[in-house]
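The values are calculated or read from the model by the stated rules, or taken from the named source; none is laboratory data. Being a predicted model, the structure only gives us computed values, none of them experimental. Every residue, glycine as well, gets a Cβ built from its backbone with ideal geometry; the counts of neighbours run over all protein chains shown.
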Amino acid sequence: MSYNIAIVAPYPELSKIAQQVCDELEVDAMIAVGDLDEGVKAAKKLIEKGAEVIISRGGTATAISRQLDEPVVEIIVSPYDIIRAVASAKRYGNYIGVVGFRNVIYGSKSLENVLDVKIEELEIKDEKDALYVIEKAKRVGVDVIVGDAVSVRYSKKLDLPAMLVTSGKESISVALREAQELVTVRRREKARAEQFKAILDFTYEGIIATDADGKISLVNPAAEQILDKSKTSLINQHASEVLPSLAIKRVQEKRKPLLGELHRVGNSLLVHNIVPVMTNDEITGTVITFQDASHLQAVESKVRRQLYLKGHVAKYTFEDIITCSAALKKVIYQARQFAQADAAVIVTGETGTGKEMFAQSIHNASLRKNGPFVAVNCAAVPENLLESELFGYEEGAFTGARKGGKKGLFELAHDGTIFLDEIGELPLKLQARLLRVLQEKAVIRVGGDRVIPINVRIIAATHRNLDEAVKNGTFRQDLYYRLNVLRLSLPPLRERSEDIPLLIDRLLEKICNRTRKPRPEISDEVLDVLCSYKWPGNVRELENILERLVALKAGRRVYPEDIKEMIKVPEKKIYNKEIEGPVIELRGSLKDMERAIIRKTLELTGYDKEKTSKKLGISQTTLWRRLKEWNIAE
């Protein structure tokens with residue numbers, strides 16, 4: 001730690017000794033010479049250079065402390081310094097006048113017997129007294145004066161011998177240590193003051209402090225803003241006049257804080273706290289904090305939006321959905337349009353088709369994108385817990401209930417979106433409560449009676465046929481109509497097999513980046529097999545298969561036999577499949593037979609490559625490669 005210390009020496013010899021001490025103690029200090037007014041001027045220049053504390057001695061130290069605001073550490077004149085000076089003064093006579101402030105000269109008379117001299121203690125209370133005191137000493141016959149630089153200078157003017165009391169190294173080292181401690185303490189106190197100022201300046205609460213008489217002594221910017229009054233107009237005013245409805249006197253009498261009280265000031269409703277300040281069991285003031293109730297409501301809304309529970313954020317956008325399928329592109333277009341509305345959405349589709357990805361994308365493209373996205377799987381939470389999870393509960397609502405109660409997922413989703421996955425599995429009892437939440441736009445916690453307003457958009461998803469569920473009586477018709485305002489139907493992967501190569505490429509990239517394993521090489525034959533598979537688990541199943549391939553075949557080529565145990569591969573190879581239409585005479589090499597099969601199939605499908613690839617059980621990518629290789633016209 002560096003210390004910005006400066007030393008102002010009243011006489012040159014002191015500056016030399018001070019430099020020696022600084023060198024020995026490895027202290028980097030600025031040193032200047034100057035006595036009294038010259039010393040003050042020197043101190044000012046040192047402060048401009050960054051000095052945080054000034055070290056000086058005697059009258060110069062006093063002059064600097066009186067004229068400047070920076071702290072001054074005085075080099076104390078020790079008894080050893082006085083003894084040295086008196087012993088040296090004996091050569092001028094035995095009647096010695098010791099001049100100085102009371103704290104310096106006190107006890108010097110006790111040296112008379114030790115040094116065999118007569119000592120006159122000449123006390124000065126101000127440096128202006130020095131000349132008068134020395135003149136008086138000369139009149140009474142004092143032989144020599146012992147004192148500081150000012151006393152020596154005045155003595156010489158009166159032709160009276162004088163001996164300067166010099167400071168030794170020990171006095172200077174003590175002053176340096178004291179200055180270092182003072183710098184440390186000042187910096188710490190300055191940091192605390194800045195911290196306190198930052199708290200006062202940037203807190204949302206208005207803060208007013210009063211003294212023991214109730215007069216305002218402190219006002220922060222928030223208080224000025226809330227009360228619409230300037231700090232200067234509030235300071236020294238009685239708090240009871242500024243805020244007449246506050247029970248300040250009652251707090252002082254009872255010596256207990258008053259918290260969470262409401263009162264109106266003008267057109268504003270304030271929530272305030274009044275806390276007594278106690279010092280040695282005496283009331284020395286009060287601190288009043290208050291907020292505008294409307295601000296509290298805004299803060300509550302913001303807190304609700306804070307995603308302090310894991311998972312309450314939408315990660316995916318429409319750009320994350322990989323497709324070249326016309327059918328899925330149409331669904332994405334619909335979803336983008338739905339995002340601009342605020343009505344409920346139902347997303348239907350088989351398991352693994354990406355229903356939650358669409359829900360998150362709709363949220364992130366909507367006006368609610370800065371709010372929370374809360375997802376819950378209605379089939380995964382036990383029925384006896386689902387109600388309290390969705391709607392929250394009050395303290396003591398049931399055995400094991402958390403102290404203070406708990407917010408439900410609908411409350412956490414305030415100003416955002418709640419995604420109810422597997423909505424078809426919701427019990428009928430909770431369907432009735434959900435319907436009421438949709439109608440009233442409010443929830444009541446389990447075990448409570450307080451109505452909590454909410455502003456939530458619902459996106460529901462299911463792989464079940466809700467029309468059939470309504471007919472069977474397992475899903476409420478009125479709830480179905482409430483939810484089924486906007487509807488998205490996601491096509492299964494088998495109906496968009498052209499996306500499989502794209503998905504494999506992107507998913508392998510993601511998996512390999514996460515696992516830090518080299519990418520397996522997918523052969524054309526394997527790609528054909530994967531494209532011909534029906535994928536009952538859709539994209540989720542595809543990703544699981546690729547996870548296994550990365551684990552087992554990282555960096556190596558993958559063949560059809562490597563995945564035959566993972567998925568149900570057609571028993572016959574695609575080239576041996578029966579083809580509708582005339583019998584094809586297969587002669588020549590395997591490539592010749594393959595070319596003949598593809599040519600004939602193209603003729604049968606009217607050169608429709610999508611139908612051709614499906615009939616042959618190969619991907620369109622593989623078909624395109626073969627046509628290009630054989631220069632077969634499209």
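If you check ILE567, ILE597, ILE584, ILE579 for being modelled with pLDDT of 75 or more and in a loop (DSSP other than H, G, I, E, B), only one passes: ILE567.
Comparison of THR203, THR210, THR166 shows that the only residue that is farther than 30 Å from VAL265 by Cβ and not aliphatic (A, V, I, L, M) is THR166. With a requirement of 2 or more residues that are in the same structural domain as ASP292 (by TED's automatic domain parsing) and among the polar types (S, T, N, Q), the helices (runs of 4 or more DSSP H) lying completely within the stretch 201-266 that satisfy it span 231-234. Regarding ILE216, is this residue surrounded by 17 or more Cβ atoms within 10 Å (Cβ to Cβ), closer than 25 Å to GLU282 by Cβ, at pLDDT 85 or above and out of contact with any Gly (no Cβ under 6 Å at 6 or more places or on another chain)? So ILE216 fits the description; yes. In summary, ARG66 fulfils each of the numbered conditions (1) under 24 Å from ILE17 (Cβ atoms); (2) assigned to a helix (DSSP H, G or I); (3) out of contact with any Ser or Thr (no Cβ under 7 Å at 6 or more places or on another chain); (4) outside the structural domain of LYS136 (by TED's automatic domain parsing) with the single exception of condition (1).
Candidates in the stretch 15-51 are the residues that are part of a helix (DSSP H, G or I) and among the small types (Gly, Ala, Ser); of these, the one that is nearest to LYS128 (Cα to Cα) is GLY39. Of all residues in the stretch 91-103, those satisfying the criterion of being touching a strand residue (DSSP E or B) at 6+ places or on another chain (Cβ under 8 Å) and at negative phi are TYR92, ASN94, TYR95, ILE96, GLY97, VAL98, VAL99, PHE101, ARG102. Looking at SER151, SER108, just one residue is under 19 Å from TYR80 (Cβ atoms) and either in contact with an Asp or Glu (Cβ under 7 Å, 6 or more places away or on another chain) or among the aromatic types (Phe, Trp, Tyr) (or both), and that residue is SER108.
Among the conditions (1) among the small types (Gly, Ala, Ser); (2) touching a Ser or Thr at 6+ places or on another chain (Cβ under 6 Å); (3) exposed (fewer than 15 other Cβ atoms within 10 Å of the Cβ), the only one that GLY50 does not satisfy is (2). Quick check on the stretch 324-358: of everything there that is acidic (Asp, Glu) and surrounded by 17 or more Cβ atoms within 10 Å (Cβ to Cβ), which residue is nearest to THR417 (Cα to Cα)? Here the answer is GLU356. Taking each residue of the stretch 213-234 that is within 23 Å of LYS249 (Cα to Cα) and looking for partners that are of a type in the set (Lys, Arg) with beta-carbon atoms closer than 7 Å, six or more apart or interchain, yields VAL219/LYS231; GLU224/LYS231. With the requirement that a residue be acidic (Asp, Glu), surrounded by fewer than 17 Cβ atoms within 10 Å (Cβ to Cβ) and outside any helix (DSSP H, G or I), what does the stretch 359-414 give you? GLU395 - this is the single residue of the stretch 359-414 that is acidic (Asp, Glu), surrounded by fewer than 17 Cβ atoms within 10 Å (Cβ to Cβ) and outside any helix (DSSP H, G or I). On the basis of being surrounded by 20 or more Cβ atoms within 10 Å (Cβ to Cβ), of a type in the set (D, E, K, R) and either touching a Cys at 6+ places or on another chain (Cβ under 7 Å) or at pLDDT below 90 (or both), does ASP528 make the cut? It is true that ASP528 is surrounded by 20 or more Cβ atoms within 10 Å (Cβ to Cβ), of a type in the set (D, E, K, R) and either touching a Cys at 6+ places or on another chain (Cβ under 7 Å) or at pLDDT below 90 (or both). Of all the residues in the stretch 461-481, those that are surrounded by 15 or more Cβ atoms within 10 Å (Cβ to Cβ) and either polar (S, T, N, Q) or within 19 Å of ASP415 (Cβ to Cβ) (or both) number 2.
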